[in-house]
């Protein structure tokens, strides 16, 4: 069993990002238990301790040895995830033509599926996807984040009145 500590800062600027980071992590591991405490300080925050096991590799998703997330090619996707995956593939094909490289050099199918499932909103969240670090993040990370954010804003379902 492993553990990881999160801080959920209560200020408007950080609350959503911190919550998204925690939720993204929780989706990617087998959670054993969670403990939390409110820390009252000049900059108060919630301290969240997650005890987890590596995800079961017989499942469609798993955590790599480096702690990164990667879904299988046969992952079942929701309609929304399929729409995002199609958009990501279109973007990858455009990048491939611009750079004159084969598609998997830009992103593998499994990486695109993982992005469609996780819908990262920040570079930090994108670095949880296997294969995304350093030069790859510098080269295409912000493009992917912008694409995911645009997709989410255009496909946001508003509650019925």
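Brief remarks follow.
- Scanning the stretch 1-39 for residues that are more than 11 Å from residue 51 (Cα to Cα) and not in a helix (DSSP H, G or I) returns 6, 7, 8, 9, 10, 11, 36, 37, 38, 39.
- Leading residue by the ranking (modelled with the lowest pLDDT) among those in the stretch 48-79 that are over 27 Å from residue 133 (Cβ atoms) and either in a loop (DSSP other than H, G, I, E, B) or touching a strand residue (DSSP E or B) at 6+ places or on another chain (Cβ under 7 Å) (or both): 76
- Some residue of the stretch 94-108 being surrounded by 13 or more Cβ atoms within 10 Å (Cβ to Cβ) and more than 23 Å from residue 75 (Cα to Cα): yes
- The set of residues in the stretch 11-22 being surrounded by 13 or more Cβ atoms within 10 Å (Cβ to Cβ) and out of contact with any helix residue (DSSP H, G or I) (no Cβ under 7 Å at 6 or more places or on another chain) consists of 14, 15, 17, 18, 19, 22.
- Residue list for the stretch 7-22, restricted to those being under 20 Å from residue 127 (Cα atoms) and at pLDDT 90 or above: 7, 8
- Filter result for residue 117 (in contact with a strand residue (DSSP E or B) (Cβ under 8 Å, 6 or more places away or on another chain), modelled with pLDDT of 90 or more, under 20 Å from residue 30 (Cβ atoms) and surrounded by 15 or more Cβ atoms within 10 Å (Cβ to Cβ)): yes
- Condition met for residue 132 (in contact with a helix residue (DSSP H, G or I) (Cβ under 6 Å, 6 or more places away or on another chain), assigned to a helix (DSSP H, G or I) and modelled with pLDDT of 90 or more): no
The values are calculated or read from the model by the stated rules, or taken from the named source; none is laboratory data. Remember, predicted model here, so these are calculated numbers, not experimental data. So basically every Cβ, Gly included, is an ideal-geometry build from the backbone, and we count neighbours across all protein chains shown.
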